[in-house]
Amino acid sequence: MKLTIGHLCPDLMNLYGDRGNIICLVRRCQWRGIDVDVQEVSLSSNLELRTSNLLFMGGGQDRQQKIVAEDFKKGRGEEIREFIEKGGVGLFICGAYQLMGKFYRPAEGPDLEGLGVFDIETYHFGKEKPRCIGNVVVDWQGKTLVGFENHGGRTYLGERVKPLGTVVRGHGNNSEDGTEGAVYKNAFGTYLHGALLPKNPHFADYLIELALKNKYGPGVKLDTLDDTLEWQAHNAVLRKLGLK
Ligand code: GLN
């Protein structure tokens, strides 16, 4: 089997170790003898996304998001929308997550138009509301996800989207309604940096298996890996927050 990962805007959108998610996906495939190819899709690239099985984009400061949002209007945005509408698997972290929504309203300057893949709206209230910073624990399908967040924007979910999970510790989408992230078809948005996947091997495998099932059919089943170190790192965060 072979997995092709499309890494969107790696040079612009990469905060708090987000690139670690790519390394994690690659290793977890290689450890299982699954071929894996990472296509770096920067702004100038004319690579076609339909050759990818899994799309990833990391977080970014408002300045980088502005550049990416402008570029998405030139065609790349439509390609990403089509990929997701067809059931393609995608993971979008923080600033990328915000740009997958309807719009991101920065503290200053005009709205950044999003792709509208997620029925969400994000507002940065400037000095009115503090940044959402710190360790995060999320309940995802009855299991925990651990990570780190640092965002000024606060995201509100509409009707046509589900949250990724509920906040156990931290701020999540908006520090008000207890939701974190968003899910639409096989697209996942989250505020969790860290990087997210190395400390959450169950979620990494969920994404890999979903993408391989899309390509090879429902019979795909991933071999179990020895995740002792990964769970030690995961549980260390839970202990630090008094949750274990
Ligand atoms: N610039 C956005 C915000 O502040 C996203 C930041 C990020 O990706 N960590 O909310």
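The values are calculated or read from the model by the stated rules, or taken from the named source; none is laboratory data. Computed from a predicted model, the values in this text were never measured in an experiment. Backbone-built Cβ (ideal geometry, glycine too); neighbour counts: all protein chains shown. These area figures cover heavy atoms from the full protein model, side chains too; ligands, DNA and RNA do not enter into them. Shrake-Rupley method; radii C 1.70, N 1.55, O 1.52, S 1.80 Å.
Structure values in brief
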| quantity | calculated |
| --- | --- |
| Region 26-60: number of residues that are open to solvent by 60 Å² or more (accessible area, probe 1.4 Å) and in a helix (DSSP H, G or I) | 4 |
| Region 212-244, residues that are exposed (fewer than 10 other Cβ atoms within 10 Å of the Cβ) and touching a residue at least 12 places away in the same chain (Cβ under 8 Å) | Lys221, Asp223 |
| Residue within region 69-89 that is in a strand (DSSP E or B), away from the ligand (no atom under 12 Å from the Cβ), under 19 Å from the mean Cα position of the chain (by Cα) and surrounded by fewer than 23 Cβ atoms within 10 Å (Cβ to Cβ) present | no |
| Residues located in region 1-16, provided they are open to solvent by less than 60 Å² (accessible area, probe 1.4 Å) and more than 16 Å from the ligand (Cβ to nearest atom) | Leu3, Thr4, Ile5, Gly6 |
| Total residues in region 180-192, condition surrounded by fewer than 21 Cβ atoms within 10 Å (Cβ to Cβ) and of a type in the set (Ser, Thr, Tyr) | 1 |
| Residue selected from region 110-140 under the condition within 12 Å of the ligand (Cβ to nearest atom) and more than 25 Å from Phe203 (Cβ to Cβ), by the criterion most open to solvent (accessible area, probe 1.4 Å) | Pro130 |
| Candidate set from region 141-165 (those that are over 25 Å from Gly87 (Cβ atoms) and open to solvent by 10 Å² or more (accessible area, probe 1.4 Å)); member that is nearest to the ligand (Cβ to nearest atom) | Asn150 |
| Residues located in region 91-122, provided they are assigned to a strand (DSSP E or B) and in contact with a Lys or Arg (Cβ under 9 Å, 6 or more places away or on another chain) | Leu112, Glu113, Ile120, Glu121, Thr122 |
| Options Arg63, Arg19; residue that is at pLDDT 95 or above, under 13 Å from the mean Cα position of the chain (by Cα) and surrounded by fewer than 18 Cβ atoms within 10 Å (Cβ to Cβ) | Arg19 |
